[in-house]
Amino acid sequence: GIIIQLVYYFLTLINIKIGLLAKYCDLIIKGCTIHNHSLGGIHYLSNNRYTFRMIKGRIHYNDKVGISLVGDNAEPIIEDVIIDNNNGPGVKIGIANKANIVDCTFRYNVYGIEMMSCEPLIKTNIIEKNYKHGIYVWSYSSFGGENIRCDGEIYNNNIKCNMEYGIRCKGKNCVPRIFNMNSISYNKMAGIKIDHDSHPILIANKIFKNL
């Protein structure tokens, strides 16, 4: 497909319902600021035929969600982006999506990252001062059916000072791998909460001074 390149630094999209709505296309976003939208900053729907990459920008002051990533086996990349002050999750990753979230900063969102029955890579981010959980990992079930598996790798992140849990894992077939020196500290209720039959794998993390 045609690659759409948004390369204008300090590009600002304001005062409409959705900042950027894209589906089934190749998309590169570089150096953009997207803010003040009532239905979210970015909504991207795709599959593994297309590429999405956002580099060095800011997503803030959006309602509902900062960035929504949806689509089976899609592998969107968000790298070195500040995602803050969104009235919802900073990034929400939908069922079977394989997003890569790397070197980003999440602050003052409801959740920093919400993972719903997906398989992302969450690596070397700063996730702090969010109003509920730093990362919320849960397995989706439709009308009482079997929970759809939630995998994913969470490693080498700094998860601190969130108002409830640093990481919360919830639901059957919720089996993320949380490993390789995540620093989880100073969260108000617990560093990690595991409930509703979830079964994460925790290896070699630093969990300390949670309140």
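Pairs exceeding a 22 Å alpha-carbon distance, out of K92/K206; K123/K193; K98/K188: K92/K206; K98/K188.
Counting only protein heavy atoms and a 1.4 Å probe, the chain has 47 square angstrom of accessible area per residue. Could you please state, rounded to a whole Å, how far the C-alpha centre of segment 87-156 is from the C-alpha centre of segment 173-190? The two parts, judged by their Cα centres, are 12 Å apart. Here's how it looks for I77: its modeled amide H is under 5 Å from those of F52, R53, M54, N100, which are all 5 or more places away or on a different chain. Of the solvent-accessible surface of the chain, computed with a 1.4 Å probe over protein heavy atoms with every protein chain present, carbon and sulfur atoms account for 53 percent. Ordering C118, V137, V81 by the projection of their Cα atoms onto the charge dipole of segment 77-211, which places +1 on the Cβ of Lys and Arg and -1 on the Cβ of Asp and Glu, puts V137 at the extreme positive end. Computed extension gain for D80 through E153, at 0.36 nm per residue and net of the alpha carbon distance, reaches 24.5 nm.
Summing charges over neighbours of I29, with a neighbour being any other residue whose Cβ is under 10 Å away from its Cβ, gives +3 when K and R count +1 and D and E count -1. Charging the Cβ of each Asp and Glu at -1 and of each Lys and Arg at +1, and nothing else, the dipole of the chain about its Cα centre rounds to 380 debye. Between I203 and R53, full extension at 0.36 nm per residue minus the direct alpha carbon distance yields a gain of 51.1 nm.
The values are calculated or read from the model by the stated rules, or taken from the named source; none is laboratory data. Remember, it's a predicted structure, so these values are computed and weren't measured experimentally. Positions of Cβ are generated from backbone atoms using ideal geometry, with glycine treated the same way; all protein chains shown enter the neighbour counts. Side chains are part of the model used for accessible areas, which takes the heavy atoms of the whole protein and leaves out ligands, DNA and RNA. Shrake-Rupley method; radii C 1.70, N 1.55, O 1.52, S 1.80 Å.
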